[in-house]
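Written below as structure tokens is the structure these notes are about.
The numbers here are math on the coordinates, done by the rules we state, and not lab data. None of the values given here were measured: they were computed from a predicted structure. Positions of Cβ are generated from backbone atoms using ideal geometry, with glycine treated the same way; all protein chains shown enter the neighbour counts.
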Amino acid sequence: MSTEKKVIVSMSLDPELLNEIDNKRGLIPRSAFIENELKQSIKFAQKKDDILKICTELENITQIRGRYPTKHTLMSPAAQMMVHDIQERVDKIKSTLIT
């Protein structure tokens, strides 16, 4: 834990955002809640690029499925379904992160 004193920061918030914060924080003091949310947001932003890189790697691995016509593929129907499921999940993760 840092030994430095905390700094007071003033900011303006949209009333809807303030209501959302107040509804979500419950009995937690607003300043502590917002500080924690900011820390989490910064950590997530740092990891977001890593997550997108992993998604791209998974997409590249599953592209084998698209390289061959379905009747010539060596994968069983169950394996094809798994690859398709992976592709859908990767797409969902990427769309969630990019939005």
Q) If we count other beta carbons within 10 Å of each Cβ, what is the order of ILE93, ILE28, fewest first? A) ILE28, ILE93
Q. Which of THR3, THR62, THR96 comes first, and how do the rest follow, when ranked by fewest Cβ neighbours within 10 Å?
A. THR3, THR96, THR62
Q) Taking neighbour Cβ counts within 10 Å as the exposure measure, how do LEU27, LEU97 sort from fewest upward? A) LEU27, LEU97
Q. Karplus couplings for region 38-45 from phi (6.51 cos²θ - 1.76 cosθ + 1.60, θ = phi - 60°), rounded to Hz, Gly and Pro as x?
A. 5, 4, 5, 5, 5, 4, 5, 4
Q: Could you tell me whether region 15-98 comes out rounded, prolate or oblate from its Cα gyration tensor? Rule is a ≥ b ≥ c as square roots of the eigenvalues, rounded for a/c under 1.5, then prolate if a/b exceeds b/c, otherwise oblate.
A: prolate
(Q) Restricted to Cα positions, what overall size does region 1-53 have along the principal axes? Three whole-Å values, descending. (A) 36, 33, 21
